[in-house]
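Student: What follows is a structure written as structure tokens; I'll ask about it next.
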Amino acid sequence: VQLQASGGGLVQAGGSLKLSCAYSGNILMINAIGWYRQRPGNQRELVASITSGGSTNYAESVKGRFTISGDKSKNTVYLQMDTLTPGDTAIYYCAALRRSDGSYGYWGQGTQVTVSS
């Protein structure tokens, strides 16, 4: 399974960005896509996920501001990020959850999101 993240950039506080994660390969091996981020000096954290059935989960820090969605016809998962703050500055990664062991075993490259104050 291959994943390609895109859509990062520089935005002012209060603004919005929409990230995209295009996935391909043997997608029957996965059952969820997640968006992780790694802020400077911090460990990578899961911010949102969506299952193949459409169920979503969010980290408390982004609830009400971020929305994850998927378009199966395009094999793409999106992360709409609104009301961004400088604290959201991070490298954002998308990852796929393997059915075989329940781990996020497939990763795309990161996309940088920078929020200026």
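Student: Just one of G41, G87 is at pLDDT below 95 and outside any strand (DSSP E or B); which is it? Show your work before the answer.
Tutor: Numbers: G87 fails: at pLDDT below 95.
Result of the check over G41, G87: G41.
Student: How many residues does the stretch 81-105 hold that are open to solvent by less than 40 Å² (accessible area, probe 1.4 Å) and touching a residue at least 12 places away in the same chain (Cβ under 8 Å)?
Tutor: 12
Each row is one residue, and each column tells you yes or no for (1) of a type in the set (A, V, I, L, M, F, W, C); (2) in contact with a Gly (Cβ under 6 Å, 6 or more places away or on another chain).
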residue: V1; (1), (2): yes, yes
residue: G8; (1), (2): no, no
residue: A22; (1), (2): yes, no
residue: R44; (1), (2): no, no
residue: T51; (1), (2): no, no
residue: S55; (1), (2): no, no
residue: S61; (1), (2): no, no
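Student: Any residue in the stretch 64-80 that is touching a residue at least 24 places away in the same chain (Cβ under 8 Å) and on the phi > 0 side of the Ramachandran plot?
Tutor: yes
Student: While we're looking at this one, here's another question. Hey, among the residues in the stretch 47-80 that are β-branched (V, I, T) and closer than 20 Å to A22 by Cα, which one's surrounded by the most Cβ atoms within 10 Å (Cβ to Cβ)? Steps first, answer last, please.
Tutor: Looking only at the stretch 47-80, we keep the residues that are β-branched (V, I, T), and these are 47, 50-51, 56, 62, 67-68, 76-77.
From what's left, closer than 20 Å to A22 by Cα: 47, 50-51, 56, 67-68, 76-77.
Values: V47: 24, I50: 20, T51: 15, T56: 14, T67: 16, I68: 23, T76: 17, V77: 26.
The residue in question is V77.
The values are calculated or read from the model by the stated rules, or taken from the named source; none is laboratory data. Source: prediction; values computed, not measured. A quick note on method: Cβ atoms are made from the backbone with ideal geometry, for glycine too, and the neighbour counts reach across all protein chains shown. When the accessible area is computed, the model is the full protein with side chains, heavy atoms only, and any ligands, DNA or RNA have been set aside. Shrake-Rupley method; radii C 1.70, N 1.55, O 1.52, S 1.80 Å.
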